[in-house]
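Asks: Quick one: the structure is below, and I'll ask about it shortly.
The values are calculated or read from the model by the stated rules, or taken from the named source; none is laboratory data. The shown structure was predicted, so the numbers you read here are calculated from the model rather than taken from an experiment. Glycine gets a Cβ as well: all are built from the backbone with ideal geometry, and neighbour counts include every protein chain shown.
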Amino acid sequence: MLDSPSSPPPRVLRVAVPTPLRRLFDYRPCREAPPGGWQAGLRVRVPFGRRQVVGVVMACDNRSDYPLDRLKPVEAWLDAEPLPEDWLWLCRFTARYYQHSLGDTLHQAMPVLLRQGRPLAGRQREHWRALAASRDGDARLKRAPRQAELLSMLRQHPHGLPTQAIVAQGFTRDQLLSLVEKALAERHEIPLAGAAPATTQLLAEPALPLNREQATALAAIHERFDAFHPCLLHGVTGSGKTEVYLQLIEAVVARGRQALLLVPEIGLTPQTLARFRSRFRVAVVALHSGLTDNERLDAWEAVASGRAPIVIGTRSAIFVPLARPGAIIVDEEHDGSFKQQDGLRYHARDLAVARAKHHDIPLVLGSATPSLESLYHAERGNYRHLRLTRRASRYAPARLELIDLRGRQRQGGLIPPTIEAIRETLAAGHQVLVFINRRGFAPTLACHTCGWLADCDACDAHMTLHRQPPMLACHHCDKHRPVPDACPECGSADLRPLGSGTERTEETLAALFPKVPVHRIDRDSTRRRDAFEQTLGEVRRGAPCLLVGTQMLAKGHHLPHVTLVVVVNADAGLYASDFRALEHSAQLLTQVAGRAGRAAHPGRVLVQTLHTDDPHLRLLAEHGYDALAGQLLAERRAAALPPFRHLALLRLESPREEAATSLGREAALLMRQWVAEHAPDVSCLGPVPAPMERRQNRYHVHLLLSAGRRSQLHAACARLTVWLEASPEARRVRWSLDVDPQSL
Ligand code: ADP
Ligand code: ZN
Ligand code: ZN
């Protein structure tokens, strides 16, 4: 595929461009070939429709299905070298696995600035920098205006610019060398990929001596460094998983390799980063949504070039190219934030598995509450099952105590025995965490005269009542309305909030315990990230206080002074229609419970419920997550659901119900005929209305494919997308295919 500068250039370049269409587009090369010749992996700017877009050359050829003279030439090449091979592999894999357009996959997988055409600099050796003397440069460059412009550009980049970025702006190397001759700029070199940073002084602080379980786990992961051997690190919260990651990373970096650690969105806190940064002397790069586009590109380049040996990131960091991959770790592997829910619907944990396999390196999936998928793999011996059963602190995770809500008067969702337990805990000088997974004041507003409920007029959903500021808000479409004074149906003034959200519980607790600070933590109270950190900082100082919050509070944070955790209502998750709802709510309850008693005092966890006899809840309370997970796996097997069968969900939506339904019916017909002949293992269910059929005034219809064998499922999906792309009817309906959907 490589076209050396001496051989004639190819006549056709097949380019992946950012479009939903699942195909490549043919172009002619531009007159000037890149220094290394035309080859796959080069980014190019091409005309596409009426726009200019950034695409990636996927192949060079001399033939096209179109007359060669009708092909448009690419506008320009953007990189002298192709994008990293491992990254291209991952994008191809992702596009194929998730049945997504390759052009859009490449586009989503690169930092915004690369999508926009900014040159990739990280792997370039040569950098140029303006010198201090350059301040009087303008006067000295009066007769060399291009050099003056070049100098002013360099001045805007105090850390220097790579040659490629400068040339891309239309300057030449000669102009650069002239500036160096005049002592206005200097040339310097950065380490190339492959050059491992010095590792003699890897640690800034000593590692902790491991306990027996940790040592056994680490030894098992260490066993082979040059082979794919996935491990499920299954350890209760606080059992020292992070310490195992730290020591694994140390070993990886000591061998001159890079480690990639993925964490849930909520887990990448300044504390987490600080813990890694204080352990290591080498660079720990963070990749998360809080970065500016420039910071993100810098981080990406630092990792892609091999300069940064350790990278910690959220979901999309799975796409960062690694110059010397050494190990991939996914912390809290069960967490829902690893799945992207729109556009390119990938699961970062699953891609991590594929990637580690491709690189032949160790993979660690860590969790206190592993997903049923990963447990199943461990059970079958596909993953090594490593357990950490003890906490480093004195106390084992607290048991869940089920508290019967039936027939009790509630105040802000809390009943008298719960309030009493809160009072005792505060009196003992400890902190209390109250978990309630509804933000706002109350789930809705009701008329006590006629039964009217505040419904959203665009969705099949109630509107949430908020007090701060006062409004009715739909959490599905973000519509807002003022709170009515009287019932719109019957005119009655007897409107009352129905149920409790975080604001209402906060209000109740503030009234019950006026001398104790109450901190509310949810998406509304923490719009500013630093507000959240400030509150947590105060809580960690240890004075008695009350924390009220949603799952933002439940996960990951180390709150050493919390000894009582209250779950206001466990029932929503128990009876939701989604097939993963029980698994997710058991994980969440276990995580919340894990916040209690992590340091000097034992913890207590009170779970309020109307269903103290619910068998799943009882199993969780009496025997813990692992026992419940075993039961849920048996149920999934019986119901032929994942991980025993694989799913792909076609979602159709349209403002016109009939349009979505009729396309769904046609697609189902096509699929049933096709699979009968080509993929008998696949079954096709639907079309059925989505659980919330109307959302934002659009009707949602689902068609579900399921199969025991992935190959057949993928063949069916491929057939389906080809048909949908060609169908004129599908152009009037928004559709998307979700492979391994997290919810139905
Ligand atoms: P996890 O990631 O499983 O929740 P952490 O690694 O955060 O657990 O460990 C919980 C606490 O125990 C931390 O304060 C950590 O410093 C401490 N810890 C972990 N391993 C050890 C060890 N081997 N010796 C002493 N303390 C440890
Ligand atoms: Zn009414
Ligand atoms: Zn709505």
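Asks: Residue under question is Phe319, and the condition is that it be within 16 Å of ligand 1 (Cβ to nearest atom) and among the aromatic types (Phe, Trp, Tyr); does it hold?
Replies: Criteria not met by Phe319.
Asks: Could you tell me whether segment 245-256 includes any residue that is within 21 Å of the chain's Cα centre (by Cα), more than 16 Å from ligand 2 (Cβ to nearest atom) and in a loop (DSSP other than H, G, I, E, B)?
Replies: no
Asks: Every residue in segment 498-517 that is closer than 11 Å to Ala442 by Cβ and hydroxyl-bearing (Ser, Thr, Tyr), please.
Replies: Hits for segment 498-517 are Ser500, Thr502, Thr505.
Asks: Quick one: Arg28 ticks every box in (1) over 27 Å from His347 (Cβ atoms); (2) exposed (fewer than 13 other Cβ atoms within 10 Å of the Cβ) bar one, so which box is it?
Replies: For Arg28, the failing item is (2).
Asks: Mind telling me which of the residues Ser662, Ser654 ends up being touching a helix residue (DSSP H, G or I) at 6+ places or on another chain (Cβ under 7 Å) and farther than 30 Å from Tyr376 by Cα?
Replies: Testing whether each residue is touching a helix residue (DSSP H, G or I) at 6+ places or on another chain (Cβ under 7 Å) and farther than 30 Å from Tyr376 by Cα leaves just Ser654.
Asks: Which one of Pro370, Pro470, Pro397 is more than 16 Å from ligand 2 (Cβ to nearest atom), farther than 24 Å from Thr590 by Cβ and not hydroxyl-bearing (Ser, Thr, Tyr)?
Replies: It is Pro470.
Asks: Pull up segment 457-491, narrow it to residues that are basic (Lys, Arg) and over 14 Å from Phe441 (Cα atoms), then point me to the one that is farthest from ligand 1 (Cβ to nearest atom).
Replies: Arg481
Asks: Ok, one more. Regarding segment 85-107, can at least one residue be identified that is within 17 Å of Lys182 (Cα to Cα) and part of a loop (DSSP other than H, G, I, E, B)?
Replies: no
Asks: If we only count strands (runs of 3 or more DSSP E) wholly inside segment 431-476, which ones have 2 or more residues that are within 16 Å of ligand 3 (Cβ to nearest atom) and more than 26 Å from Arg595 (Cα to Cα)?
Replies: So the answer is 444-447, 464-467, 470-473.
Asks: Considering segment 600-620 alone, what residues qualify as being in contact with a Leu (Cβ under 9 Å, 6 or more places away or on another chain), aliphatic (A, V, I, L, M) and either within 16 Å of ligand 2 (Cβ to nearest atom) or in contact (Cβ under 8 Å) with a residue 40 or more places away in the chain (or both)?
Replies: Val605, Leu606, Val607, Leu610, Leu617, Leu620 - these are the residues of segment 600-620 that are in contact with a Leu (Cβ under 9 Å, 6 or more places away or on another chain), aliphatic (A, V, I, L, M) and either within 16 Å of ligand 2 (Cβ to nearest atom) or in contact (Cβ under 8 Å) with a residue 40 or more places away in the chain (or both).
Asks: Same structure, new question: Can you go through Ala707, Ala715 and tell me which one is touching an Asp or Glu at 6+ places or on another chain (Cβ under 7 Å) and closer than 28 Å to Leu372 by Cβ?
Replies: Values: Ala715 fails: touching an Asp or Glu at 6+ places or on another chain (Cβ under 7 Å).
Ala707 is the lone residue from the list that is touching an Asp or Glu at 6+ places or on another chain (Cβ under 7 Å) and closer than 28 Å to Leu372 by Cβ.
Asks: Any residue in segment 658-667 that is within 16 Å of ligand 3 (Cβ to nearest atom) and either more than 30 Å from Asp478 (Cβ to Cβ) or out of contact with any strand residue (DSSP E or B) (no Cβ under 6 Å at 6 or more places or on another chain) (or both)?
Replies: no
Asks: Looking only at residues in segment 351-395 that are surrounded by fewer than 15 Cβ atoms within 10 Å (Cβ to Cβ) and at pLDDT below 95, which one is nearest to ligand 1 (Cβ to nearest atom)?
Replies: Ala392
Asks: So, one more: Name the one entry in Ser492, Ser585, Ser500 that is without any contact (Cβ under 8 Å) to a residue 24 or more places away in the chain and of a type in the set (S, T, N, Q).
Replies: One residue alone meets the criteria, Ser585.
Asks: Would you mind listing the helices (runs of 4 or more DSSP H) fully within segment 610-712 where at least 1 residues are crowded, with 17+ Cβ neighbours inside 10 Å and hydroxyl-bearing (Ser, Thr, Tyr)?
Replies: The helices (runs of 4 or more DSSP H) meeting that bar are 625-638, 657-678.
Residues are listed down the side, and each one gets a yes or a no for (1) hydroxyl-bearing (Ser, Thr, Tyr); (2) touching a residue at least 12 places away in the same chain (Cβ under 8 Å); (3) within 18 Å of Arg345 (Cβ to Cβ); (4) touching a Gly at 6+ places or on another chain (Cβ under 7 Å):
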residue: Pro642; (1), (2), (3), (4): no, yes, yes, no
residue: Leu652; (1), (2), (3), (4): no, yes, yes, yes
residue: Glu658; (1), (2), (3), (4): no, no, no, no
residue: Glu666; (1), (2), (3), (4): no, yes, no, no
residue: Asn697; (1), (2), (3), (4): no, yes, no, no
residue: Leu703; (1), (2), (3), (4): no, yes, yes, yes
residue: Gly708; (1), (2), (3), (4): no, yes, no, no
residue: Ala718; (1), (2), (3), (4): no, yes, yes, no
residue: Trp723; (1), (2), (3), (4): no, yes, no, no
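Asks: Write out, first by first residue and then by second, each pair whose Cβ atoms fall under 6 Å of each other, whose residues are 6+ apart or on separate chains, and whose first residue, in segment 531-559, is under 17 Å from Glu506 (Cα atoms) and modelled with pLDDT of 80 or more while the second is in a helix (DSSP H, G or I) and of a type in the set (Val, Ile, Thr).
Replies: Val548/Thr502; Val548/Thr505
Asks: For Pro82, which of the numbered conditions (1) buried (at least 20 other Cβ atoms within 10 Å of the Cβ); (2) within 26 Å of the chain's Cα centre (by Cα) fails to hold?
Replies: Only one criterion in (1) buried (at least 20 other Cβ atoms within 10 Å of the Cβ); (2) within 26 Å of the chain's Cα centre (by Cα) is unmet by Pro82, namely (2).
Asks: Among the candidates Asp522, Asp485, Asp494, which residue alone is within 28 Å of the chain's Cα centre (by Cα) and acidic (Asp, Glu)?
Replies: Asp522
Asks: Of everything in segment 266-282, what is modelled with pLDDT of 90 or more, surrounded by fewer than 19 Cβ atoms within 10 Å (Cβ to Cβ) and assigned to a loop (DSSP other than H, G, I, E, B)? Give them in sequence order.
Replies: Across segment 266-282, the qualifying residue is only Arg281.
Asks: Name the pairs: first residue in segment 258-285 and more than 26 Å from Pro209 (Cβ to Cβ), second residue crowded, with 17+ Cβ neighbours inside 10 Å and of a type in the set (Phe, Trp, Tyr), Cβ to Cβ under 8 Å, at least 6 apart or on different chains?
Replies: Leu262/Phe338; Pro264/Phe338
Asks: Yes or no: Pro484 farther than 30 Å from Glu213 by Cα and within 16 Å of ligand 2 (Cβ to nearest atom)?
Replies: In short, yes.
Asks: Another one. Considering segment 33-69 alone, what residues qualify as being in contact with a Ser or Thr (Cβ under 9 Å, 6 or more places away or on another chain) and not in a loop (DSSP other than H, G, I, E, B)?
Replies: Phe48, Val53
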